[in-house]
Every structure is written in structure tokens, then in C-alpha cells.
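Data first, discussion second: the structure below is written as C-alpha cells.
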Amino acid sequence: MKNDKVLEQGPLELLFTGNATAKMLDFLSTMQEFDYSESDIARYSGVSLKHAQTTIPKLVELGLLVNTRQSGRSKMYRLNKESKSGSSLEKFVLSIASARIHKMMEKEAPVISS
């Protein structure tokens, strides 16, 4: 399976270095425009299909993901923003990403002397 990981290193992956589940949650919490199949989640998160297939049911059970529909033989999933855990995860990821961006901007900002 081809690996087309979307995020170089997402906020959760940065926090939980190299954790495959963090990679999946980073992808799903930042790429919310669509729903995704297990193979899409694996491919765009940079994890194995086996890991995605094992982990997705656990994330659904925890209320982090929701099964949105069936497309052919594939079940489609997205971040469950309707659940408390899903909306909390979204806010947490955005907070980490925002802090990371601010830190990067501070390093790159030119120093203006008077």
C-alpha cells in the first residue's frame, strides 16, 4: 500500500512521538472536509492498513470517530465532533498546533531595533 502521509508531523504525533494512533487522529482532526475509508486513513496517516483496521473500531467505541456511511464495501469514518471526546480532541489538537505555529513565528520574526 502506498504511503501518502498528509502531515509531516502532526501535533499529537509530536506529543506522542511515532505513535501510529496519534498519526491517525492528527489526520482525522485536521482533514475534516470529508469522510475516509480505513485504507484512506492508513494511507494518508502513514500507518499500516492492519493498524488502522485494528484501531478504528476502538476509536469508534471511544466516541472519537463515527461511521458516516457505506461506500461500496468500504465503511467511511470521520472525527465525531458531536461527541464530547471528539470535540475535545479537536480543540486539543488545534491548541497544540496553534502554540507550535506561534513558537515557529517567534523564531522567524525579524528583530526590529530602534
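What follows is calculated from the coordinates using simple rules that are stated; it is not laboratory data. Since the model is a prediction, treat every value here as computed from it, not as a measurement. When we count neighbours, we look across all protein chains shown, and the Cβ atoms used for this are built from the backbone with ideal geometry, even at glycine.
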Ranked on Cβ counts within 10 Å of their own Cβ, fewest leading, MET104, MET31 go MET104, MET31
Candidates SER87, SER95, SER29; GNM for the chain (alpha-carbon contacts under 10 Å) flags as most fluctuating SER95
So, with points 7 Å from each Cα along the Cβ direction, the ASN67-ASN19 label distance in nm works out to 2.6 nm
Each label sits 7 Å from Cα toward the beta-carbon; between LYS91 and LYS50 the label points are separated, in nm, by 3.8 nm
Sparse-neighbourhood loop hits (chymotrypsin sites (Phe, Trp or Tyr not before Pro), segment 23-102; DSSP loop; Cβ within 10 Å at most 16 others) -> PHE34
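How large is the helix-only mean residue ellipticity at 222 nm for the chain, computed as the sum of -39500 (n - 2.57) over DSSP H runs with n ≥ 4, divided by its residue count, in deg cm²/dmol to the nearest 500? Walk me through the numbers before you get to the answer.
Numbers: 5 runs with 62 residues, N = 114.
The helix-only estimate for the chain comes to -17000 deg cm²/dmol at 222 nm.
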